[in-house]
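Following: one structure in structure tokens, then a few remarks.
Please treat every number below as a calculation from the coordinates, not as lab data. As the structure is a computational prediction, the values presented were derived from the model and not from experiment. Note: ideal-geometry Cβ built from the backbone for every residue, glycine included; neighbour counts use all protein chains shown.
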Amino acid sequence: MPSLDDSHPTLSRMFSVARIAGSKHHAIERWEIVTPHNSPGRSRPSWPTLVSAALVGEDCGVTDEDSWTDLDQAQFIFEALAKDHPSRVVTAFNDLFHTEDPFVEILKLFVTPESESDWGDFSDGSRFFRDQDIAISTRALRHKGALDVAYVKLVPDDGVYLTEVPRQDALAYVTLIWRPDLGGWRIHRIGMPAAPRDLPRTDHGSNSPSYDTDQVVELAD
């Protein structure tokens with residue numbers, strides 16, 4: 001069973017085989033995949049444009065320099081995630097901080113009620129997500145014996161989106177709790193992963209959804 005501690009965050013065995021833009025099959029195994037979400041400098045033809053044009057044989061003005069990249073691969077995989085996947089929840093939360101004057105009441109819908117006082121007016125969260133370029137892992141880390149708890153890894157957006165070994169440069173982990181009483185996954189904290197015993201759990205893993213990309217981990221004591 002993999003362990004997860006301050007010095008060696010564990011993430012392994014990425015998933016699936018995808019056929020992309022008429023290319024050969026890409027086996028994505030033992031890869032960590034992250035996607036950027038607030039890096040304006042990464043402007044290029046969007047991956048949906050590249051995919052749709054390739055599938056119908058259109059010329060979308062894409063040059064050799066704009067050919068399919070690791071970034072396109074990572075974004076393609078992100079878009080294939082389930083709609084309620086923890087990484088999508090974190091992405092939506094991040095995106096709110098990049099809108100003009102996000103409403104605190106909407107941000108509150110993403111976090112556990114028990115943590116609202118810690119978030120305050122969300123100014124600390126705003127600085128965290130706005131003041132640095134962040135990439136979000138597409139894998140949910142699920143705690144052994146507490147599958148209603150998930151951790152999503154945040155790393156610097158340095159232009160590396162597919163890696164053969166787990167990245168050791170995590171900025172933070174987002175701890176989420178499956179709260180069916182509140183309608184789904186809720187964010188509890190951002191930092192080091194919080195132990196299940198310290199979380200306001202209500203489901204205890206009995207009904208929490210699972211995903212093909214999950215990795216079961218165990219926090220080191």
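Side notes on the structure shown:
- Amide hydrogen neighbours beyond the local backbone of Val216, cut-off 5 Å, H modeled: Arg142
- Per DSSP, loop trypsin sites (Lys or Arg not before Pro) in the stretch 100-182 with at most 12 further Cβ within 10 Å: none
- Ascending count of other beta-carbon atoms within 10 Å, so fewest first, for Thr69, Thr213: Thr69, Thr213
- Close amide H pairs (under 5 Å, H built 1.01 Å from N) link Ile134 with His37, Asn38, Asp157, residues at least 5 positions away or on another chain.
- The ranking of Tyr173, Tyr161 by Cβ neighbour count inside 10 Å, starting from the fewest, reads Tyr173, Tyr161.
- Contact order for the stretch 92-155, expressed relative to its length and based on alpha carbon pairs under 8 Å spaced 6+ residues apart, stands at 25 percent.
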